[in-house]
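Scroll down for the structure; my scribbles are underneath it.
Bear in mind that the values in this text are calculations on the coordinates, not laboratory data. As the structure is a computational prediction, the values presented were derived from the model and not from experiment. We place every Cβ from the backbone using ideal geometry, glycine too, and count neighbours over all the protein chains shown.
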Amino acid sequence: MILTFRSALLLLAVTLGACAHAPSHAPADPLEVVNRSVFAFNTKTDKYLLRPAARAYTAVVPGFARTGVRNFFANLATPVTIVNQYLQGKFAAGTSDLGRLLINSSLGLGGMLDVASYWGLPAHDEDFGQTLGRWGVGEGWYLMLPFLGPSTNRDLVSRIARTPFNPLYYVEDTSLVWGLTVLDGIQDRAQYLNADALLSGQLDPYIFLRSAYLQRRWTAIHDGRPPLEQSGFEEFDDF
């Protein structure tokens with residue numbers, strides 16, 4: 001469960017640090033009226049549900065335990081990264097992350113301890129949306145999804161495609177799956193409690209989030225080195 005505010009605050013650092021690394025075309029947002037309504041819904045859901053839960057989680061759960069929870073869910077996402085690294089021809093990185101998965105799942109107590117990083121195996125992040133982008137598939141329309149936040153047609157396909165690679169997909173205990181999903185959303189949100197004012201201070205938070213999201217995805221597809229001839233994003237010309 002990844003809400004709008006979590007995504008916006010995560011993307012802010014990327015926006016500030018790499019304003020020129022974005023596609024030069026204007027975003028395709030024909031559903032803006034609907035998207036804004038969903039954005040308003042997500043904002044209220046965050047205000048009255050997820051943010052209070054994240055504050056309570058931070059107050060009750062000690063820091064080392066929160067780190068363990070974050071590591072656990074990062075480890076669960078590693079199979080998706082591995083598959084997409086191989087699909088993109090990044091065989092060395094894929095093999096490295098396969099080693100991370102095996103080490104952290106065993107010696108790292110199911111992924112709660114990031115032993116692999118201490119052994120020189122850094123974490124990577126790849127998904128099917130990035131793979132499709134590398135293969136030349138366009139992003140399509142910008143979408144604002146209920147509860148999940150920003151997306152595009154391409155990234156929506158990515159969300160569906162990654163489902164069989166999520167270990168929780170094979171857990172038959174639905175109460176356990178929902179419990180872990182909620183915990184993932186709460187611990188994710190808790191990381192950005194101190195940055196809420198950054199988004200609320202924008203003149204148009206919707207436009208800011210849309211630009212930041214599309215920029216981040218463009219940069220991620222090109223591994224942080226997007227083509228210079230397509231740099232520059234009109235919504236950030238004066239940023």
task = Using a cut-off of under 20 Å, list every residue of region 81-99 whose amide N is near the label point 7 Å from the Cα of Ser117 along the Cα-to-beta-carbon line.
result = 81-82, 93-99
ask   = Using modelled backbone amide H atoms (1.01 Å from N, in-plane), which distant-in-sequence or interchain residues come within less than 5 Å of Leu145's amide H?
value = Ser151
key: FRET efficiency for Glu172 and Val33, using Cβ-Cβ distance with R0 set to 30 Å, rounded to 0.05   = 0.15
Highest average packing first - 33-44, 52-63, 124-135, Cβ atoms within 10 Å = 124-135, 33-44, 52-63
message = If you average the C-alpha positions of region 67-136 and of region 161-221 separately, how far apart do those two centres end up, in angstrom?
response = 18 Å
query = Over the alpha carbons of region 65-197, what is the largest minus smallest coordinate on each principal axis, giving the biggest first in Å?
reply = 42, 37, 36
In region 69-120, chymotrypsin sites (Phe, Trp or Tyr not before Pro) in a DSSP loop with at most 14 other beta-carbon atoms within 10 Å = Trp119
inquiry  = Suppose R0 equals 22 Å. What FRET efficiency, 1/(1 + (r/R0)^6) with r the Cβ-Cβ distance, do Leu109 and Leu193 give to the nearest 0.05?
reply    = 0.25
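Hey, any idea what Rg/Rh is for region 120-195, computing Rh the Kirkwood way over Cα pairs?
My calculation of the ratio gives 1.02.
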